[in-house]
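Chemist: One structure, pasted below without further comment.
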2 protein chains.
Amino acid sequence: MIPDKAHISFLHSALQYDGDLMPNQEFHAWMKKCRDSVKVEVTAVTFPELNKWLFEPNTGNLVHESGRFFSIEGIRIKTNWGRVANWTQPIINQPEIGFLGIITKKFNGVLYFLMQAKIEPGNINYVQLSPTLQATKSNYSKVHKGNTPNYLEYFNGDKPRKVLMDQLQSEQGARFLRKRNRNIIVEVDDDIEVKDDFCWLTLGQIKTLMRFDNLINMDTRTVISGINFGSYPSSSIDVFHHFAYQNGSKASNGQAMLLSALDELHSHQSMENIISWITGLKSTYELEVDKIPLNQVAKWIVNDREIFHEQHKYFSVIAANVHISNREVSSWFQPLVRSAQEGLIAFIVKDINGVMHFLVQAKIEAGNFDILELAPTVQCLTGNYRSGLNEYEVPFIKEVLETSPEKILFRSMQSEEGGRFFREQNLNMIVEAPDSFPEEVPENFCWMTLNQLSTFIRYNNYLNIQARSLLAAVIF
Amino acid sequence: MIPDKAHISFLHSALQYDGDLMPNQEFHAWMKKCRDSVKVEVTAVTFPELNKWLFEPNTGNLVHESGRFFSIEGIRIKTNWGRVANWTQPIINQPEIGFLGIITKKFNGVLYFLMQAKIEPGNINYVQLSPTLQATKSNYSKVHKGNTPNYLEYFNGDKPRKVLMDQLQSEQGARFLRKRNRNIIVEVDDDIEVKDDFCWLTLGQIKTLMRFDNLINMDTRTVISGINFGSYPSSSIDVFHHFAYQNGSKASNGQAMLLSALDELHSHQSMENIISWITGLKSTYELEVDKIPLNQVAKWIVNDREIFHEQHKYFSVIAANVHISNREVSSWFQPLVRSAQEGLIAFIVKDINGVMHFLVQAKIEAGNFDILELAPTVQCLTGNYRSGLNEYEVPFIKEVLETSPEKILFRSMQSEEGGRFFREQNLNMIVEAPDSFPEEVPENFCWMTLNQLSTFIRYNNYLNIQARSLLAAVIF
């Protein structure tokens with residue numbers, strides 16, 4: 001794609017690993033101050049104590065009395081993919097599309113992103129760096145009678161702004177029934193008030209901060225993963241590489257990674273071939289998902305404190321009372337989803353003819369919008385990969401876990417969304433394959449460049465949130 | 001998109017308005033011979049006579065005894081789009097993804113398409129020009145115990161071929177629940193037997209033949225609509241224009257149409273803006289569709305001969321006995337869907353700065369995969385547009401129907417799929433707007449170039465079949 005002004009501004013900001021407005025050496029002290037200034041208490045309660053939430057008499061679904069926010073319902077799945085052809089499970093139904101939005105503004109020619117140190121009850125450390133705005137339709141239409149979310153007026157069109165990116169993107173297909181959010185980045189020219197707990201960072205700073213555990217929240221990761229930088233001739237990419245090096249990039253393979261992101265000519269597979277591969281898999285594999293009442297879900301138990309699988313596998317739903325000093329509503333009750341274990345999310349990458357390629361997996365999950373989505377090489381979110389006791393085998397897990405340290409390009413713990421999930425974190429890794437790693441891969445895997453992945457993200461329903469979230473961490 | 005060899009072969013074939021292998025002056029005689037050589041009889045029967053089909057006792061759904069092919073079921077729709085917020089209706093459920101495939105081969109450097117004069121029971125004239133292969137999964141997995149479809153081996157990978165295009169594309173969202181087919185074009189190098197009722201045509205010939213009523217079937221139209229020609233600099237497009245003119249193109253506005261198809265730089269709206277427009281609409285409008293048993297659909301009556309709306313609106317389902325002399329199975333029973341009226345499908349186009357732009361409508365239909373799809377400017381498939389007695393108003397219908405003759409670029413009757421629909425035809429038109437037609441359009445309309453529309457087709461779930469089918473008729 002021929003780059004426009006927005007692509008070039010994004011690329012320029014991505015190559016700035018430090019920023020004038022919130023220098024790296026001040027950031028952590030500022031974050032600590034934000035964390036110290038709030039008090040959060042999350043207490044497990046029983047479902048009868050879960051104020052404003054109830055189990056619907058006929059269906060057993062766990063719903064809010066307003067009918068809004070989200071509900072816990074059941075689904076029945078039929079598929080010819082994998083080893084299990086039929087099952088039922090609880091799922092989060094949240095049909096509302098919310099905003100995940102970032103305001104950007106140019107200072108001295110560099111695009112800065114307005115980020116918020118935001119509290120979410122499910123976060124391990126409560127406060128993480130979130131987009132400027134994070135609001136469900138129930139939030140911004142004030143169903144819960146709190147204040148209007150900060151900066152909403154720059155996203156709903158009430159104040160002038162230029163839209164740089166605006167995409168619908170899916171969330172966890174194993175947990176949510178076809179949930180999507182509006183991932184949006186706008187640019188403003190006006191002076192804009194920086195409210196408490198907000199700060200301006202470059203894209204390069206945000207990406208670098210992903211190297212810290214549980215600091216950049218999931219919503220930030222999905223929004224910045226949608227950024228497209230455009231496509232350029234190789235000679236320009238050489239210049240960008242020098243520029244990145246001058247600016248202090250520590251990416252050991254910056255040139256191959258930059259080519260992967262910015263060159264649309266040199267890829268292992270053409271886009272037509274990749275689309276044909278996806279078409280073939282979607283034609284072969286079937287996924288039929290029907291909503292059922294929660295009280296018809298087999299093998300799951302509902303007691304006073306928890307909705308859980310009889311073998312305590314996968315995840316459970318708990319009831320929580322949340323007290324927060326620094327939020328639009330300071331105390332409320334809500335269900336939270338707790339994962340049975342930590343998971344692993346990893347991309348294997350390989351330099352093929354000087355261009356970094358990502359090993360992408362086509363993966364079926366029950367809540368997917370369109371049968372399968374493109375996932376990281378390894379994604380075992382709910383399985384116990386350490387013991388290997390699973391319904392399914394996980395290809396390439398050994399290769400990832402046994403990567404020698406100098407081949408690990410990225411490794412940190414990242415949290416899932418703290419508004420729905422209770423202290424859920426996954427090990428995120430990007431590892432470089434050894435030279436001996438074959439280019440031939442199993443039927444449901446494919447090598448792609450960042451440029452190709454970015455194009456698929458743009459047209460939505462292609463990359464799952466785990467893949468997008470991990471791609472957000474790539475620095476050049 | 002940078003053109004590859006396939007793009008250039010497609011473009012070259014599209015600019016050949018006559019062919020050496022089946023010259024235009026011989027085609028109609030050949031087609032008549034094919035039509036005369038078969039005998040087709042379609043007789044209305046009662047549902048109890050509909051052999052192998054039954055109404056399921058619990059649900060009232062009309063199903064095949066094998067559980068395959070398709071079924072008539074019910075759906076419940078909730079939406080905040082349009083004037084009617086809730087309704088139930090029958091729908092065709094055909095979850096299987098079939099092949100709509102065309103074999104191509106180069107003769108003297110020109111790409112030819114292997115087309116079939118094919119009988120379909122619902123066609124007005126029984127025989128229309130179809131893709132090389134048209135097969136549901138039930139067909140090619142031989143559920144009905146007929147012969148293996150002709151040329152299947154070039155599509156399932158048993159014989160060597162190059163895949164030029166391979167996309168999943170939706171079908172009528174008002175009639176089918178999320179039905180899609182695999183639209184695929186392959187190229188072979190080998191000599192290949194041309195069986196009875198098959199012939200080789202250039203892409204330019206096929207497009208020109210769309211000017212005749214009910215000749216090019218719906219499956220052909222959807223497949224060729226997916227062809228992308230790549231993007232080129234203006235200087236190359238000038239050369240193509242001269243070439244088209246030399247070859248006898250009768251397109252009055254060939255240059256503006258070629259620029260619309262082949263230039264990715266000059267458009268009224270950027271792709272980012274269009275994606276943002278779609279994202280905004282999908283975030284605003286909700287479409288909740290749940291399957292229900294057919295016997296729970298309100299206002300529809302099932303009697304011995306028909307499933308119909310109490311006011312005889314929309315469509316009905318009838319039972320048919322089909323006798324055909326020249327097909328893999330020569331006699332069978334099946335339900336057919338009969339439309340209450342003919343419809344109108346039309347694009348208004350406008351030359352904006354020398355590039356032809358199409359006025360595209362974002363339209364919600366109950367069976368859509370993803371809330372809304374991009375539709376022609378006017379699409380009133382089931383409404384009676386002549387009397388204006390509708391649940392909804394149809395914008396721009398007056399402008400289309402009152403277009404002065406010299407501004408009509410395309411006008412013919414085209415059939416819907418004759419395997420499911422009984423003699424359903426729609427008036428298809430492409431009309432050029434007068435200079436006074438405003439560039440400002442209502443919220444759910446947008447001006448796009450062919451190049452942009454072609455990009456959206458590639459990533460599927462964007463353009464509905466009516467839009468794709470009509471775009472197939474564009475010649476340069």
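The values are calculated or read from the model by the stated rules, or taken from the named source; none is laboratory data. Treat the numbers as computed from the prediction; the structure is a model and nothing was measured. A quick note on method: Cβ atoms are made from the backbone with ideal geometry, for glycine too, and the neighbour counts reach across all protein chains shown. Ligands, DNA and RNA are stripped out before the accessible areas are found, and what is left, the full protein with its side chains, is counted by its heavy atoms. Shrake-Rupley method; radii C 1.70, N 1.55, O 1.52, S 1.80 Å.
Chemist: Of the residues A:263, A:219, which is touching a Pro at 6+ places or on another chain (Cβ under 6 Å) and either crowded, with 23+ Cβ neighbours inside 10 Å or assigned by TED's automatic domain parsing to the domain that holds residue A:432 (or both)? Walk me through it before giving the result.
Modeler: Numbers: A:263 fails: touching a Pro at 6+ places or on another chain (Cβ under 6 Å).
The conditions single out A:219.
Chemist: Specify the residue that is farthest from the chain's Cα centre (by Cα); the eligible residues are those in the stretch B:173-185 that are more than 10 Å from chain A (Cβ to nearest Cβ) and crowded, with 23+ Cβ neighbours inside 10 Å. It would help to see each step written out before you state the result.
Modeler: First, pick out the residues of the stretch B:173-185 that are more than 10 Å from chain A (Cβ to nearest Cβ): B:173-177, B:179, B:185.
Then drop every residue that is not crowded, with 23+ Cβ neighbours inside 10 Å, which leaves B:173, B:175-176, B:179, B:185.
On the way: B:173: 12, B:175: 13, B:176: 13, B:179: 12, B:185: 16 Å.
It comes out as B:185.
Chemist: Okay, moving on. Pairs only if they're at least six apart or on different chains, beta carbon under 8 angstrom, first in the stretch A:235-249 and surrounded by 16 or more Cβ atoms within 10 Å (Cβ to Cβ), second among the hydroxyl-bearing types (Ser, Thr, Tyr); list them, first residue then second.
Modeler: Within 8 Å, the pairs are A:240/A:232; A:249/A:17.
Chemist: Does the stretch B:397-413 contain any residue that is of a type in the set (S, T, N, Q), in contact with a helix residue (DSSP H, G or I) (Cβ under 9 Å, 6 or more places away or on another chain) and open to solvent by less than 50 Å² (accessible area, probe 1.4 Å)? Give the steps one after another, and end with the answer.
Modeler: Looking only at the stretch B:397-413, we keep the residues that are of a type in the set (S, T, N, Q), and these are B:403-404, B:412.
Right, trim to in contact with a helix residue (DSSP H, G or I) (Cβ under 9 Å, 6 or more places away or on another chain) and you get none.
No: the stretch B:397-413 contains no residue that is of a type in the set (S, T, N, Q), in contact with a helix residue (DSSP H, G or I) (Cβ under 9 Å, 6 or more places away or on another chain) and open to solvent by less than 50 Å² (accessible area, probe 1.4 Å).
Chemist: Kindly provide the set of residues from the stretch B:307-359 that are hydroxyl-bearing (Ser, Thr, Tyr) and in contact (Cβ under 8 Å) with a residue 60 or more places away in the chain, ordered by number. I'd like the intermediate steps shown before the answer.
Modeler: Taking the stretch B:307-359 as the starting set, the residues that turn out to be hydroxyl-bearing (Ser, Thr, Tyr) are B:314, B:316, B:325, B:330-331, B:339.
Hits for the stretch B:307-359 are B:314, B:325, B:339.
Chemist: Scan the stretch A:408-451 for residues that are among the β-branched types (Val, Ile, Thr) and within 30 Å of residue A:279 (Cβ to Cβ) and jot them down.
Modeler: As a first pass, look at the stretch A:408-451 and keep what is among the β-branched types (Val, Ile, Thr): A:408, A:430-431, A:441, A:449.
Of everything in the stretch A:408-451, those that are among the β-branched types (Val, Ile, Thr) and within 30 Å of residue A:279 (Cβ to Cβ) turn out to be A:430, A:431, A:441, A:449.
Chemist: Can I ask one more? Answer with yes or no whether residue A:326 is surrounded by 12 or more Cβ atoms within 10 Å (Cβ to Cβ) and among the polar types (S, T, N, Q). Give the steps one after another, and end with the answer.
Modeler: On the way: surrounded by 12 or more Cβ atoms within 10 Å (Cβ to Cβ): yes; among the polar types (S, T, N, Q): yes.
Criteria met by residue A:326.
Chemist: Whether any residue in the stretch A:130-137 is surrounded by 24 or more Cβ atoms within 10 Å (Cβ to Cβ), within 14 Å of another protein chain (Cβ to nearest Cβ) and either among the hydrophobic types (A, V, I, L, M, F, W, C) or within 30 Å of residue A:291 (Cβ to Cβ) (or both) is what I want to check.
Modeler: The answer is yes, given that some residue of the stretch A:130-137 is surrounded by 24 or more Cβ atoms within 10 Å (Cβ to Cβ), within 14 Å of another protein chain (Cβ to nearest Cβ) and either among the hydrophobic types (A, V, I, L, M, F, W, C) or within 30 Å of residue A:291 (Cβ to Cβ) (or both).
Chemist: Listed residues B:230, B:254; which is touching a helix residue (DSSP H, G or I) at 6+ places or on another chain (Cβ under 8 Å), open to solvent by less than 10 Å² (accessible area, probe 1.4 Å), closer than 26 Å to residue A:272 by Cβ and not β-branched (Val, Ile, Thr)?
Modeler: Working: B:254 fails: closer than 26 Å to residue A:272 by Cβ.
Sole residue among the options that is touching a helix residue (DSSP H, G or I) at 6+ places or on another chain (Cβ under 8 Å), open to solvent by less than 10 Å² (accessible area, probe 1.4 Å), closer than 26 Å to residue A:272 by Cβ and not β-branched (Val, Ile, Thr): B:230.
Chemist: Please give the strands (runs of 3 or more DSSP E) falling wholly within the stretch A:1-102 in which 1 or more residues are among the aliphatic types (A, V, I, L, M) and buried (at least 17 other Cβ atoms within 10 Å of the Cβ).
Modeler: Values: elements: A:40-45, A:53-55, A:62-64, A:71-79, A:86-93.
Where strands (runs of 3 or more DSSP E) fall fully within the stretch A:1-102 and carry at least 1 residues being among the aliphatic types (A, V, I, L, M) and buried (at least 17 other Cβ atoms within 10 Å of the Cβ), they are A:40-45, A:62-64, A:71-79, A:86-93.
A quick yes/no check of all residues on (1) open to solvent by less than 10 Å² (accessible area, probe 1.4 Å); (2) at pLDDT 95 or above; (3) over 22 Å from the mean Cα position of the chain (by Cα); (4) away from chain B (no Cβ under 14 Å):
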position	(1), (2), (3), (4)
A:276	no, yes, yes, no
A:286	no, no, yes, no
A:331	no, no, yes, yes
A:335	yes, yes, no, yes
A:343	yes, no, no, yes
A:358	yes, yes, no, yes
A:369	no, no, no, no
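Chemist: Right, here's the next one. Tell me whether the stretch A:161-171 contains one or more residues that are part of a loop (DSSP other than H, G, I, E, B), touching a Ser or Thr at 6+ places or on another chain (Cβ under 8 Å) and open to solvent by 30 Å² or more (accessible area, probe 1.4 Å).
Modeler: no
Chemist: Then there is this: Quick check on the stretch B:138-160: of everything there that is of a type in the set (Phe, Trp, Tyr) and within 13 Å of chain A (Cβ to nearest Cβ), which residue is surrounded by the fewest Cβ atoms within 10 Å (Cβ to Cβ)?
Modeler: Taking the stretch B:138-160 as the starting set, the residues that turn out to be of a type in the set (Phe, Trp, Tyr) are B:140, B:151, B:154-155.
Retained after the next criterion (residues that are within 13 Å of chain A (Cβ to nearest Cβ)): B:140, B:155.
Details: B:140: 16, B:155: 24.
Step by step, filter the stretch B:138-160, then rank; the result is B:140.
Chemist: If I ask for residues that are in a helix (DSSP H, G or I) and more than 10 Å from chain B (Cβ to nearest Cβ), which ones from the stretch A:258-273 would you list? Spell out how you get there, then give the answer.
Modeler: Residues of the stretch A:258-273 in a helix (DSSP H, G or I): A:258-262, A:271-273.
Matches in the stretch A:258-273: A:258, A:259, A:260, A:261, A:262.
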